[in-house]
1. Test A:Met111 against the stated conditions and say whether it is buried (at least 20 other Cβ atoms within 10 Å of the Cβ), within 16 Å of DNA strand D (Cβ to nearest atom) and within 12 Å of chain B (Cβ to nearest Cβ).
2. Give me the residue from region B:49-69 that is in a loop (DSSP other than H, G, I, E, B) and within 28 Å of the chain's Cα centre (by Cα) and, out of that set, surrounded by the fewest Cβ atoms within 10 Å (Cβ to Cβ).
3. Exactly one condition in (1) under 16 Å from A:Ser4 (Cα atoms); (2) more than 7 Å from DNA strand C (Cβ to nearest atom) is not met by B:Arg6; state its number.
4. Among the residues of region B:38-48, which ones are surrounded by 15 or more Cβ atoms within 10 Å (Cβ to Cβ) and more than 16 Å from DNA strand C (Cβ to nearest atom)?
5. What pairs come out if I take residues in region B:33-58 that are within 14 Å of chain A (Cβ to nearest Cβ) and pair them with residues that are more than 10 Å from DNA strand D (Cβ to nearest atom) and open to solvent by 80 Å² or more (accessible area, probe 1.4 Å) whose C-beta lies under 7 Å away, six or more apart or interchain?
6. Limited to region B:59-76, what total is found for residues that are facing chain A (nearest Cβ under 7 Å) and either among the hydrophobic types (A, V, I, L, M, F, W, C) or over 12 Å from B:Ile119 (Cα atoms) (or both)?
7. If you go through region A:31-75 one residue at a time, how many are within 21 Å of B:Pro69 (Cβ to Cβ), among the aromatic types (Phe, Trp, Tyr) and within 16 Å of DNA strand D (Cβ to nearest atom)?
8. State whether one or more residues within region A:17-29 are closer than 17 Å to B:Met111 by Cα and either touching a helix residue (DSSP H, G or I) at 6+ places or on another chain (Cβ under 7 Å) or more than 8 Å from DNA strand D (Cβ to nearest atom) (or both).
Protein chains: 2
Amino acid sequence: MPKSKRLMELMMTVNRKRRFKVQELADEFGVSKRTILRDLQELSELGVPLYSEVGPHGGYQVVRERVLPPIAFTEGEAVAMFFAVHALRHYSSLPFEAESASALSKFYLHMPGDVRDRIDSMKDRVDFVAPTRWSDAPCLAELLDAAIKQSVLVIQYESQERGAESRRIQPVCIYANNGFWYCTAYCFNRQDYRVFRCDRIREAAYDTSGTVPMQLKDVRLSRRDASQPRDPIRLRAVLSKTGVQRCESELWLAPLLQVREDGSGVIDKDVSRDDMTFYAEFMIGLGDEVALEEPYELKEAIRTRLAALLARYEGYAAQ
Amino acid sequence: MPKSKRLMELMMTVNRKRRFKVQELADEFGVSKRTILRDLQELSELGVPLYSEVGPHGGYQVVRERVLPPIAFTEGEAVAMFFAVHALRHYSSLPFEAESASALSKFYLHMPGDVRDRIDSMKDRVDFVAPTRWSDAPCLAELLDAAIKQSVLVIQYESQERGAESRRIQPVCIYANNGFWYCTAYCFNRQDYRVFRCDRIREAAYDTSGTVPMQLKDVRLSRRDASQPRDPIRLRAVLSKTGVQRCESELWLAPLLQVREDGSGVIDKDVSRDDMTFYAEFMIGLGDEVALEEPYELKEAIRTRLAALLARYEGYAAQ
DNA sequence: ATAATGGTGACAGACTTTGTCATCAACTCG
DNA sequence: CGAGTTGATGACAAAGTCTGTCACCATTAT
């Protein structure tokens, strides 16, 4: 076998084994220990992070991260990776931040100068706008890890109403929306699914009390969909074209919205009676772009709200 | 020089040169033509797309895409790249879509099975929510290209007011915000900077009439910032903690906002008098979370607006 | 102490790569 | 056409690199 091929296979083998002895590999590849030692040194120089200990029960280890065999990317592919990572630059507390940066610098180092220029000039010409000031979500990595492994966490959650409290949860999925990270999880304290704002999770540790994880294999991202409303009431409203455009950027509304051919639209959906205050605020925000048809309760709530606001601003005027 | 090293350098050299003759490389590397020929054949087998023509003025060419020398990525880096591209999945009409996909499949192919599983399970556990229904922006690639090269385009633009019209523009930057792609550009018809919605640009072609591009080297993303208000008026308002959080997700507001230590905040900024109606709507949306201090004109505008809305909903009640 | 294990240097022999040369093929240009 | 340019391929000896063997050292667990 030519040396170059042997080196490749050796790289794959050591990545698979993680721990091994020189004699082992020598037998496997049908070469002498000396050769394997020389090869391992070369791999080391090529960037595979090897660590060795002498003595009985010693041997080689691949330390830290495993390395993929070298891959030849085209320039276009490298630029695309840059673009993707660049697009996420406004999001703070991202998982894999360090890894992205190191991957990008590897691409950057191996690039001929003209492609670097191309990328540098692209940097300032294209952008994804994200809401500013994302709050820190210190436990994001733990939450994601727990969601992947489907294990139970004990978290310190600072809810708006009750202040800090401890909860046992099993994360289902993590998602970012409009400036915040959220985590849908099964809450063992409430015995139901709940959505947590990740920046309010101050600490997260793996549960050691032996709570048995739920079988949530099929429960995935869909879990963030709203649950069925209790005490439903029918909401019907007609939206102008502008109204539709505004509603489309509201994630929670999108599934309730039917768009007509001419761009105008209709909301027709059962909603929870408890949410009247919320919908009243929202309808007020839409102003003349919405014509509410029912329920009467919502109209009433809107009028009450408007009157309260008017009083508030009348009050100011008197100051 | 060992062969392996020479092959690496050869790969970089041919990528830089794009066109070359065997004799040239032989001199450059101090080896014989025969050796270079053998090396080029090996590079070819390694995936570098080489093409050769015999005869005078013939020679070698690197065909299609240039290839970077093989890079060894760690697993973590590969996962990070997956994450980044995955996060953008909801955005339609992205540039570099094909390249991202092919880069990802290269990573995927070279990965040991357990990492694939890790990625597969991550896919369904983490998400970036983007507003739905992005309109198609068919000319995005052209716009980006023109922005990078700073060249002039002739576009067919369908404005809301005047219907379709032809414009000569020089794109400055492209950005995505809240479900739409925008392009800031210098418009030669209006002789000023304008922002175009990319989905309303039906066609784009390079200008052939010889319009001289502007010197826009220093004009970059900042161009999307609001210009100075004409007829300014001072706006001062105090925001509660909740109010601050809501404002932070409004991009245009972020620069006007000062956050205090306890999470509450202040808006204090000169704004344009023409925008009173807009600010009135916005303040109403903030409800009790904002205490407006000045200007008087805005309070008046809010009261007017509230009264109008109230009338609208009183009207409904009478239906 | 003993045995297991990695690390290094030297060197001859095995193996690979290289240079040279010869020959061919495709093509351009005058 | 014919002369010149350029790539493609095969053969083979010379040059160079890689490999196995061996001797020896260092470290460490038992």
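The values are calculated or read from the model by the stated rules, or taken from the named source; none is laboratory data. Please read these numbers as outputs of a predicted model, since none were measured by experiment. Backbone-built Cβ (ideal geometry, glycine too); neighbour counts: all protein chains shown. For the accessible areas, the whole protein counts, side chains as well, though only heavy atoms, and no ligand, DNA or RNA atoms are used. Shrake-Rupley method; radii C 1.70, N 1.55, O 1.52, S 1.80 Å.
1. So A:Met111 fails the test.
2. Initial filter on region B:49-69 (in a loop (DSSP other than H, G, I, E, B)): B:49, B:54-58, B:63-66, B:68-69.
Remaining after also requiring within 28 Å of the chain's Cα centre (by Cα): B:64-66, B:68-69.
On the way: B:Arg64: 10, B:Glu65: 15, B:Arg66: 21, B:Leu68: 23, B:Pro69: 18.
In this case the residue turns out to be B:Arg64.
3. The number of the failed condition is (2).
4. Matches in region B:38-48: B:Val48 only.
5. What qualifies is B:Pro49/B:Arg64.
6. From region B:59-76, those facing chain A (nearest Cβ under 7 Å) are B:65-76; that's our starting set.
Among the residues that remain, those that are also either among the hydrophobic types (A, V, I, L, M, F, W, C) or over 12 Å from B:Ile119 (Cα atoms) (or both) are: B:65-74.
Going through region B:59-76 one residue at a time, the tally reaches 10.
7. 0
8. First, the residues of region A:17-29 that are closer than 17 Å to B:Met111 by Cα: A:17-18.
Next, from what is left, pick out any that are either touching a helix residue (DSSP H, G or I) at 6+ places or on another chain (Cβ under 7 Å) or more than 8 Å from DNA strand D (Cβ to nearest atom) (or both): A:17-18.
For region A:17-29, residues closer than 17 Å to B:Met111 by Cα and either touching a helix residue (DSSP H, G or I) at 6+ places or on another chain (Cβ under 7 Å) or more than 8 Å from DNA strand D (Cβ to nearest atom) (or both): present.
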